[in-house]
Amino acid sequence: MRHSILMVSAGTALVAACVANPDGAVETAAAGSDIYYLRAGMIEDINPPTEAIWNMQVEVMDDLGNFDPALMTEQHWIDLENHARILASASARMALADAYVAADPSGPYTEAPVGTDLAAIQQRLDANPEAYRAFATNLGEHTERLLSAARSRDAGMVTQLVNDLQPNCKACHDVFWYPEEYQQ
Ligand code: HEC
């Protein structure tokens, strides 16, 4: 059902979305809605699997901060795959949305995040939704690669992709969340 909606709005990305979301793990958007509410998306979908991955890195890293295959149990690999799949799915959903809205006025996250206000975020989204989509697409591609690396149990590639994850977050945050900091 969800996929048929995606097919209408973004047929070419459908395959990626299906791969990223085989079990429907991330389904917080109302069925049939193609508006992406970013505060809810960040808090509920994007941030939790990211934190889980970073926490795992701390748990299984060697002295250099690399994912150490000697410390990775089969359960770690399965958990990593799950986190990566959820994050890839959430990123794909963000990239495929037709419209971006800072916060759902009837949802729980109408307070502005620290350092900015929702009207300012909305203005930036309205001014350049394609830039937002491009950052979201990059995150989606990055997390798909992470999912592949986890599936093939490639600890070196996992390390590299996890280390490069935060710059993906920051690139979009710098432009859409708190650009004020960079204007002084
Ligand atoms: C395509 C743009 C984009 C990408 C990519 C992105 N974010 Fe965000 N994020 C935002 C914007 C805009 C805000 C500020 C508005 C808000 O709070 O939702 C935000 C806010 C947040 C917040 C604060 C939520 C709150 O309001 O309290 C967290 C946490 C967060 N992002 C985590 C992440 C993480 C982790 C990643 C990378 C895995 C990421 N984001 C990637 C756009 C993005």
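The values are calculated or read from the model by the stated rules, or taken from the named source; none is laboratory data. Please read all numbers here as calculations on a predicted model, not as lab measurements. Counting neighbours? That spans all protein chains shown, and the Cβs are built from the backbone with ideal geometry, glycine included.
For this structure, a couple of remarks:
- Options E51, E81; residue that is among the acidic types (D, E), within 21 Å of P167 (Cα to Cα) and in contact with a helix residue (DSSP H, G or I) (Cβ under 6 Å, 6 or more places away or on another chain): E81
- Subset of region 128-150 [surrounded by fewer than 21 Cβ atoms within 10 Å (Cβ to Cβ) and small (G, A, S)]: A131, A134, S148
- Scanning region 151-180 for residues that are surrounded by fewer than 16 Cβ atoms within 10 Å (Cβ to Cβ) and hydrophobic (A, V, I, L, M, F, W, C) gives A171, V175.
Condition check ((1) surrounded by 15 or more Cβ atoms within 10 Å (Cβ to Cβ); (2) modelled with pLDDT of 95 or more) across all residues:
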| site | (1), (2) |
| --- | --- |
| S9 | no, no |
| G24 | no, no |
| E27 | no, no |
| I53 | yes, yes |
| V58 | no, yes |
| Q75 | no, yes |
| R93 | yes, yes |
